[in-house]
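Chemist: Before anything else, here's the structure in question.
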Amino acid sequence: ATKGGASTCLICLEKIRKIDPIWHCKQGCFAVLHLVCIQSWARQALSTSENSSAGRNSSSRTSPACWHCPKCRRDYPQAEIPREYRCYCGKEVDPRSDPWLTPHSCGERCELELGLCSHTCVLLCHPGPCPPCPQLVQLACHCGKLAELRRCGHKSFSCQRLCSKRLGCGVHSCDEICHEGECKPCSKFGVHRCRCGSVTEVRPCSQADFQCERICDKELSCKKHVCGKQCHAGGCGECELQGRRTCACGKEAYKDLACDVKVPTCGSTCEKLLACGLHRCPERCHAGSCVGTCRVLINKRCRCGSTAKEVPCYQDLVCERKCQHIRNCQRHACRRRCCDGDCPPCSEICGKKLRCGNHKCPAPCHRGLCAPCPLTVKISCQCGFTTLEVPCGADKDVKPPKCSKRCQRPQICGHGDLCKPHRCHYGPCPPCQLLCNKKLDCGHSCNQRCHGPRLTCPVLKGTKKERKAVISPIPGSPCPPCSVLVSRPCMGKHPAGSRMVPCNDESRFSCEKPCGNLLSCGNHFCRDLCHVVTISRALSNGTVVASGGAQQYDSCSSCRLKCTKTRDPPCPHPCEIGCHTGKCPACKVSLKKSCHCGTLVRTLECSAFGCLSEDERIELLSCKGPCHRKLENCSHLCSEICHPGSCPSLCSKKVTTRCACQRIRKAYQCFEVQAAREKQSALVPCDQDCLKAKASQELEEDLQHKQAADKEVR
């Protein structure tokens, strides 16, 4: 069986699946084979046996035709060719496949008879041989002194006492611990005589009966001959030459002939049957054996029957004709000289490549499929301590066995004995679990798992020629870039812009804050996000210092803002040349300035106008005419000469004012009228005439209202 539990058919070398019909050897090896394969195997074996005996007589067949198991070669009669798929115990035909049962099992009790007792197997239907009988029976030990209740399958046991059985010498007892089988011969030494009593030796009791090298030489009862036997006990017996005696051919008998007298020949023909079994000896009666070769001429036919002639009886007639019959292998001609038709089996070596793919068939040339490769292949672990034997050719699908020994390969990663030990294996050793700790160029130690070189050994299975496992190194990988976190400044070298980055990261980064370095204009600071800064110009002390004390950096962009300096003299217009160092140029903007009263407009240059004093500006902007601006509290115009600032608040113009009823009028200055209006007082009061006129007017209005009301009522 392979490591995964699946069996391999020795005929087709294919795996036996759970649903495949099978046959298993019940006599010796219990090998499991495909049912179709064993049926074909048995038919071919029977056919080969019949063909080999086709030319022989039926009387020469000593046993019926049979076939054998491909593994153990046990013979099976023709009647036992498997014709149906049965479970292991043979009760069920075509057992169903059940995932909860052993494949090809019926799931019932085995109940096959156990060989060493009368009990039956109590296991469920199972492959392989039945285990020893588990029944409890009363059994005695080997020496018979102790009897106890034991498993029937373990009948033989020792009581661990002295055996004490009487040994074969009849004097001593067995001094060994209770043992199985017959006691050993007595090993104690004693003084013993040989059978004739002439020699005495110190020998083991088991060898007390022995013969010496002397011949007996005692005189027999005839008093003419002596005993020729080797050392023996008892009497020598009668002389063998006494009694009735015959001549050499046995035809004439002599009585009362003395034992020391030689028997004469009778003179007739011997006529003893010669070795050929057909003719008799033609010589006269003679002592000793007859001639070995019969020379009678007879008419013989050669073995193949093609030639006939007279030859001496002892001589076989063999012609020169070569047999052209095809031997039982159906591949080669017989080619034997004068063949009798019973061509011998082919003597050529088959030489066909076996199903294993590694060897050629070593059997004599035959018909049909070759037998499975008889060799087995040992698959071992890498160190060779644990081995597994599988049929040759089936090793391709079998994994090497697991070994409980420690791997003996040295660790070449640099950690040596500090590495965790592991079991024997093929392939590369597992990676070392320790930290690398190699010194990097940056000064830090590598904090990754060990990635140094390892040893490996490829899996080598059975092949045509023996190969050795070559242990070769697997190169390690270089240390990865240093990942230790270090503090790195940003591109702008800002104090708060540093970050913790891996040591191997040399890339520059921005802190996303404004640069803040003084621009080349000397007035503003760089507002770009953090960027690479360089200083290419320097004074004797190494830096260019602006008025604020900040360093100037050439890598910052030029200032794109407008000039914000205050001109001297002050000017409301912006500088047209952008942000710059030093004083701004004179403003050339044309200013349109009106006079104080707004009557006239003059065009002036901004820088020229800014250089004038205040008095000069007032004098320049006066038109020398009346102001003509509307006063604030009245509708009159200013009467003064064009002047800066606001006009006077008190108007001196003459204004005519009437009473409330508009009957009386008088002339007053304008500021007096405005003051009376603010106080809400009448500047010209009404007199008595005004009151009377007002009363009469009110009466008329009342009369008109009444008349209008009467009309509405009607």
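Chemist: According to the Kirkwood expression over distinct Cα-Cα pairs, how big is the hydrodynamic radius of the chain, in Å?
Modeler: 46.7
Chemist: Something else about it: Stretch K15-A147 to full length: gain in nm at 0.36 nm per residue minus the Cα-Cα span?
Modeler: 42.6 nm
Chemist: Using a 1.4 Å probe, what is the accessible area per residue for the chain, in Å²?
Modeler: Working: 47630 Å² over 714 residues.
Per residue, the chain has an accessible area of 67 Å².
Chemist: Relative to the longest principal axis of the chain, what angle (0 to 90°, nearest 10) does the C-alpha long axis of helix 35-52 take?
Modeler: 30
Chemist: Applying 1/(1 + (r/R0)^6) with R0 = 35 Å to the Cβ-Cβ distance of A140 and T376, what FRET efficiency is obtained, to the nearest 0.05?
Modeler: On the way: r = 42 Å, r/R0 = 1.20.
Calculated value: 0.25.
Chemist: About the Cα centre of region 563-714, what is the dipole size in debye to 20, counting +1 per Lys and Arg Cβ and -1 per Asp and Glu Cβ, all else neutral?
Modeler: Roughly 320 debye for region 563-714.
Chemist: Size of the dipole of the chain about the Cα centre, Lys and Arg at +1 and Asp and Glu at -1 on the beta carbon, nothing else charged, in debye to 20?
Modeler: Taking the Cα centre of the chain as origin, the dipole is about 2700 debye.
Chemist: How many angstrom separate the Cα center of region 331-380 from the Cα center of region 574-588?
Modeler: Using only Cα atoms to place each centre, the spacing works out to 117 Å.
Chemist: Which residue, chosen from H524, V263, A308, occupies the Cα position most advanced towards the positive end of the dipole of the chain, where the dipole is computed from +1 (Lys, Arg) and -1 (Asp, Glu) charges on Cβ about the Cα centre?
Modeler: V263
Chemist: First check a/c for region 56-185, with a ≥ b ≥ c the square roots of the eigenvalues of its C-alpha gyration tensor; if it is under 1.5, answer rounded, and if not, answer prolate when a/b is larger than b/c or oblate otherwise.
Modeler: Values: a/c = 4.19, a/b = 1.56, b/c = 2.68.
Because a/c hits 1.5 or more and a/b fails to exceed b/c, region 56-185 counts as oblate.
Chemist: How far is helix 670-679 tilted, in degrees, relative to the longest principal axis of the Cα atoms in the chain, given as a value from 0 to 90 rounded to the nearest 10?
Modeler: The answer is roughly 60 degrees.
Chemist: For C503 and E182, calculate 0.36 nm times their separation in residues minus their Cα-Cα distance, and state this gained length in nm to one decimal.
Modeler: Numbers: separation 321, 0.36 × 321 = 115.56 nm, distance 8.67 nm.
Once the chain is fully extended between C503 and E182, it gains 106.9 nm.
Chemist: Still on this structure, I have one more. Under a 5 Å amide H to amide H cut-off, with H placed in plane at 1.01 Å, what residues pair with R454 once short-range neighbours are removed?
Modeler: I474, G476
Chemist: Put +1 on the Cβ of every Lys and Arg and -1 on every Asp and Glu Cβ in the chain; which of V171, Q448, N504 then has its Cα farthest towards the positive end of the dipole?
Modeler: V171
Chemist: Just grab the label-to-label distance for V311 and H705, each label 7 Å out from Cα along the Cβ direction, in nm (one decimal).
Modeler: Taking the two extended label points, one gets 19.0 nm.
Chemist: Using 0.36 nm per residue, how much length does the chain from A667 to S558 gain when fully extended, once their Cα-Cα distance is taken away?
Modeler: 31.7 nm
Chemist: Mind ranking I38, I11, I412, I349 by accessible surface for me, highest first, 1.4 Å probe? Walk me through the intermediate numbers first.
Modeler: On the way: I38 0, I11 25, I412 70, I349 105 Å².
So, going from the largest accessible area down, we get I349, I412, I11, I38.
Chemist: May I pose another question? Using the Karplus curve 6.51 cos²θ - 1.76 cosθ + 1.60 with θ = phi - 60°, what ³J(HN,Hα) values do you get for each residue of region 425-441, in whole Hz, with x for Gly and Pro?
Modeler: 7, 9, x, x, 5, x, x, 5, 8, 7, 6, 5, 6, 6, 6, 8, 5
Chemist: Take the Cα atoms of region 619-705, find their three principal axes, and give me the spread along each one in whole Å, biggest first.
Modeler: Answer, in whole Å and largest first: 70, 24, 21 Å.
Chemist: Can you sort M500, M491 by solvent-accessible area, 1.4 Å probe, largest first?
Modeler: Of M500, M491, the descending order of accessible area is M500, M491.
Chemist: With every protein chain in place, what's the accessible area of V589 (1.4 Å probe, Å², nearest 10)?
Modeler: Surface open to solvent at V589 totals about 40 Å².
Chemist: Taking amide H atoms as placed 1.01 Å from N in the peptide plane, list the residues 5 or more away in sequence, or in a different chain, whose amide H sits under 5 Å from that of L591.
Modeler: L604, E605, C606
Chemist: Mind putting a number on the dipole of region 586-650 about its Cα centre? Charges go on the C-beta only, +1 for Lys and Arg and -1 for Asp and Glu, and I need it in Debye to the nearest 20.
Modeler: Dipole magnitude for region 586-650 comes out near 320 debye.
Chemist: Ok, one more. Report the label-to-label distance for H628 and E348 in nanometres (one decimal), using points 7 Å from each Cα along the Cα→Cβ vector.
Modeler: Rounded to a tenth, the inter-label distance reads 14.9 nm.
Chemist: Roll a 1.4 Å probe over the protein heavy atoms and report the accessible area of E678 in Å², nearest 10.
Modeler: Here the residue's solvent-accessible area equals roughly 150 Å².
Chemist: Arrange the residues W67, W23, W100 by how much accessible surface each exposes, largest first, with a 1.4 angstrom probe.
Modeler: From most exposed to least exposed: W100, W23, W67.
Chemist: Please report the accessible area of L123 (heavy atoms, 1.4 Å probe, ligands and nucleic acids excluded) in Å², nearest 10.
Modeler: Ignoring ligands and nucleic acids, L123 comes out at about 80 Å².
Chemist: Can you give the local net charge around C239? Use residues other than it whose beta-carbon is closer than 11 angstrom to its beta-carbon, Lys and Arg +1, Asp and Glu -1.
Modeler: -2
Chemist: Next up: If you take the beta carbon distance between K653 and V601 as r and set R0 to 35 Å, what does 1/(1 + (r/R0)^6) give as a FRET efficiency, to the nearest 0.05?
Modeler: The formula returns an efficiency of 0.75 here.
Chemist: Right, here's the next one. At R0 = 45 Å, how high is the FRET efficiency between C169 and T387 if r is their beta carbon distance? Nearest 0.05 is fine.
Modeler: 0.40
Chemist: With the dipole of the chain worked out from charges on the C-beta (+1 for Lys and Arg, -1 for Asp and Glu) around the Cα centre, which of S206, L434, F609 lies farthest toward the positive end?
Modeler: S206
Chemist: Could you check the simple spin-label distance between V199 and E252, using points 7 Å along Cα→Cβ, in nm with one decimal?
Modeler: For the pair V199/E252, the computed spacing is 4.7 nm.
Chemist: Let me have the 222 nm mean residue ellipticity of the chain computed from DSSP H runs of 4+ only, each contributing -39500 (n - 2.57), with the sum over all residues rounded to the nearest 500.
Modeler: Rounded to the nearest 500, the figure is -3000 deg cm²/dmol.
Chemist: On a 0 to 90° scale, report how tilted helix 688-713 is relative to the longest principal axis of the chain, with both axes built from alpha carbons and the result rounded to the nearest 10.
Modeler: 50
Chemist: Out of the chymotrypsin sites (Phe, Trp or Tyr not before Pro) in region 152-216, which ones are loop residues according to DSSP with at most 16 other C-beta atoms within 10 Å?
Modeler: Hits after loop and neighbour filter: F157, F210.
The values are calculated or read from the model by the stated rules, or taken from the named source; none is laboratory data. This is a predicted model, so every value here is computed, not measured. Please note: Cβ atoms are built from the backbone with ideal geometry, for glycine as well, and neighbour counts cover all protein chains shown. Heads up: the accessible areas ignore ligands, DNA and RNA and are worked out on the full protein's heavy atoms, side chains in. Shrake-Rupley method; radii C 1.70, N 1.55, O 1.52, S 1.80 Å.
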